[in-house]
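Before I ask anything, let me first share the structure, which is written out below as C-alpha cells.
The values are calculated or read from the model by the stated rules, or taken from the named source; none is laboratory data. In this text the structure is predicted, and so the values were computed from the model without any measurement. Every residue, glycine as well, gets a Cβ built from its backbone with ideal geometry; the counts of neighbours run over all protein chains shown. Note: areas computed on protein heavy atoms with side chains; ligands, DNA, RNA excluded. Shrake-Rupley method; radii C 1.70, N 1.55, O 1.52, S 1.80 Å.
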Amino acid sequence: MKKKIIRDKLKKKYGNKIKIAFKQYPLPFHTHARKAAVASLCANEQGVKFFWKMHDEFFLNQANLAPEKIKELAPKLGLKSDQFNKCFNENKYIAQVEKDIAQGKSINVKGTPAFFINGMVFTQGRSLDKFIEVIDEELKK
C-alpha cells in the first residue's frame with residue numbers, strides 16, 4: 001500500500017498547496033481493467049473517499065477485478081449497492097475512461113502508475129523523499 005501512504009503523507013504535508021489528480025489508464029492486457037476503471041468512477045459518485053478506497057483495493061487485489069467480484073466488494077467498502085450497481089451495469093463512465101486513455105497516449109504514458117508534477121513526468125523514483133524534493137522545488141517557482 002506504498003502509493004496510498006505516499007499520497008496521504010503528501011496531502012498531510014502540503015494540504016491545499018498541491019492537487020492530486022487521477023486519470024484512468026487501464027492497460028489492455030488486464031482483462032477487467034476497463035470495467036474496474038468504470039467501477040472506481042461509479043464509487044466516486046458516492047464520495048471521493050470511496051473512489052480511493054476502491055482504487056486502493058484494486059491495486060492490492062488485481063486478480064479480483066472480475067465484474068462479479070467488484071459488485072461484491074462495493075458494499076464491503078460502504079457503498080450503496082443499488083446506486084453503484086446501476087452505474088456499473090450501465091457502464092456509465094466508459095466515455096471518461098476512454099478520454100483518459102486517449103490523453104495518456106497523447107503524452108506517451110507507457111504504464112501504470114505514471115506520475116507527473118506540474119506537467120512533467122516524474123521519473124526520479126517513487127520514494128516519499130523524492131516526491132517531496134521535487135514538489136518543494138516546484139513550489140519555489
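Using the alpha-carbon centroid of each, what span in Å lies between segment 28-56 and segment 87-141?
Distance between centres, Cα-based: 16 Å.
Each residue of segment 124-141 in order: what ³J(HN,Hα) in whole Hz does its phi give by Karplus 6.51 cos²θ - 1.76 cosθ + 1.60, θ = phi - 60°, with x for Gly and Pro?
8, x, 10, 8, 4, 4, 5, 4, 4, 4, 6, 5, 4, 5, 5, 5, 6, 6
Here's a follow-up. Per the 1.4 Å probe, what fraction of the accessible area of the chain, in percent, lies on carbon and sulfur atoms?
Values: 4780 of 9030 Å².
Carbon and sulfur atoms account for 53 percent of the accessible area of the chain.
OK, next. According to the square roots a ≥ b ≥ c of the eigenvalues of the Cα gyration tensor, what is the shape class of segment 1-111, taking rounded for a/c under 1.5, prolate for a/b larger than b/c otherwise, and oblate for the remainder?
Numbers: a/c = 1.60, a/b = 1.16, b/c = 1.37.
It comes out oblate by the Cα gyration axes.
Would you work out the charge dipole size for the chain about its Cα centre, treating the Cβ of every Lys and Arg as +1 and the Cβ of every Asp and Glu as -1, and quote it to the nearest 20 debye?
Here the size comes out at about 280 debye.
Starting at the first residue of segment 113-123, write each ³J(HN,Hα) from the Karplus equation 6.51 cos²θ - 1.76 cosθ + 1.60 with θ = phi - 60°, in whole Hz, x for Gly and Pro.
Running phi through 6.51 cos²θ - 1.76 cosθ + 1.60 with θ = phi - 60° gives x, 10, 10, 10, 10, 6, x, 9, 4, 9, 10 Hz.
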